[in-house]
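> Once you've had a glance at the structure underneath, I'll fire off some questions.
The values are calculated or read from the model by the stated rules, or taken from the named source; none is laboratory data. Because the structure is a prediction, the values reported are computed rather than measured. Don't worry about glycine lacking a Cβ; one is built from the backbone with ideal geometry, like all the others, and counts go over all protein chains shown. Just so you know, the surface numbers come from the protein's heavy atoms only, side chains and all, with ligands and any DNA or RNA stripped out. Shrake-Rupley method; radii C 1.70, N 1.55, O 1.52, S 1.80 Å.
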Amino acid sequence: MLKVGLTGGIGSGKSAVSSALSDYGAVVIDADAIAREVVEPGTPGLAEVVAEFGEGVLTPEGRLDRPKLGEVVFADENRLARLNEIVHPRVAERSGQLMEQALASDARVVVYDVPLLVENGLESLYDVVVVVDTPDRTRIERVSRDRGMPRDQVRSRIAAQADRETRLAAADFVVDNSGTREELAERVAELWRGLLERAG
């Protein structure tokens, strides 16, 4: 089984790539989805987040208000580090459970969709690292358009992540997502062929 670490900055199109790889037959373990799961209402994770950051990070329905929490943590490195201390161990535990399921399924390729793979120095955990690369200007346009996030907030998120050069230096495969969806589909098809070769 080939363990693939898939990463890319906010707005890079990493989720589109992981979705396409899933369609090809890869088992995808999505760290973002798990990070949401471990802070669902009623979980110890959400209780700890509220204890640390206050009731103001909740929606009226009692769910985590991610944009509001983002405003707090992306403006303060120490607050971001504290949030990571709460969430990351829970994500790691759940990821391990999903990996065991993937092993039992005899999958040839398992893709870990990990936004902060490079930032957290996790490259050695994977057989192959794939980076989805998109120019910063394009990422800002996409996120502000698709998520309605103010541009200054997008810039602060980008600034809190690894820069392009650092991310690219960790890559075994780079998927350029600066073009059209059709071009991206072609590049993912090429990537899949490369991953199957590595998987043997």
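> Out of region 55-90, which residues are in contact with a helix residue (DSSP H, G or I) (Cβ under 9 Å, 6 or more places away or on another chain) and farther than 25 Å from Val114 by Cβ?
Gly56, Leu58, Thr59, Gly62
> Regarding region 171-188, can at least one residue be identified that is surrounded by 15 or more Cβ atoms within 10 Å (Cβ to Cβ), within 15 Å of the chain's Cα centre (by Cα) and of a type in the set (Lys, Arg)?
No, every residue in region 171-188 fails to be surrounded by 15 or more Cβ atoms within 10 Å (Cβ to Cβ), within 15 Å of the chain's Cα centre (by Cα) and of a type in the set (Lys, Arg).
> Would you point out which residue out of Leu21, Leu2 is surrounded by 20 or more Cβ atoms within 10 Å (Cβ to Cβ) and more than 19 Å from Val91 (Cβ to Cβ)?
Going through Leu21, Leu2 in turn, just one is surrounded by 20 or more Cβ atoms within 10 Å (Cβ to Cβ) and more than 19 Å from Val91 (Cβ to Cβ): Leu21.
Yes/no per residue for (1) under 15 Å from Gly8 (Cβ atoms); (2) of a type in the set (S, T, N, Q); (3) touching a helix residue (DSSP H, G or I) at 6+ places or on another chain (Cβ under 8 Å):
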{"residue": "Arg164", "(1), (2), (3)": "yes, no, yes"}
{"residue": "Asp172", "(1), (2), (3)": "yes, no, no"}
{"residue": "Val175", "(1), (2), (3)": "yes, no, yes"}
{"residue": "Arg187", "(1), (2), (3)": "yes, no, no"}
{"residue": "Trp192", "(1), (2), (3)": "no, no, yes"}
{"residue": "Leu196", "(1), (2), (3)": "no, no, no"}
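> From the list Ala107, Ala160, which one is of a type outside the set (D, E, K, R) and farther than 24 Å from Val73 by Cβ?
Answer to the check: Ala107.
> Say whether the condition of being hydrophobic (A, V, I, L, M, F, W, C) and in a helix (DSSP H, G or I) is met by at least one residue in region 109-120.
For region 109-120, residues hydrophobic (A, V, I, L, M, F, W, C) and in a helix (DSSP H, G or I): absent.
> Continuing with the same structure: Name the pairs whose Cβ atoms lie under 7 Å apart, with the first residue in region 21-39 and over 24 Å from Ala189 (Cβ atoms), the second in a strand (DSSP E or B) and hydrophobic (A, V, I, L, M, F, W, C), and 6 or more positions between them or separate chains?
Val39/Leu64
> Further question: Output yes when any residue across region 128-142 is within 18 Å of Val27 (Cβ to Cβ), hydroxyl-bearing (Ser, Thr, Tyr) and touching a residue at least 60 places away in the same chain (Cβ under 8 Å), and no when none is.
no
> Would it be correct to say that Ala102 is part of a loop (DSSP other than H, G, I, E, B), out of contact with any Pro (no Cβ under 7 Å at 6 or more places or on another chain) and either open to solvent by 80 Å² or more (accessible area, probe 1.4 Å) or in contact (Cβ under 8 Å) with a residue 12 or more places away in the chain (or both)?
When the stated conditions are applied, Ala102 does not pass them.
> Any residue at all in region 123-146 that's touching a helix residue (DSSP H, G or I) at 6+ places or on another chain (Cβ under 8 Å), farther than 24 Å from Gly194 by Cα and not in a helix (DSSP H, G or I)?
No, that holds for no residue.
> Before we move on, is Arg108 at pLDDT below 95 and closer than 30 Å to Asp163 by Cβ?
Considered against the rule, which asks whether it is at pLDDT below 95 and closer than 30 Å to Asp163 by Cβ, Arg108 comes out as no.
> Scan region 37-65 residue by residue and report those that are surrounded by 13 or more Cβ atoms within 10 Å (Cβ to Cβ), closer than 18 Å to Met149 by Cα and not hydrophobic (A, V, I, L, M, F, W, C).
Result: Asp65, single match.
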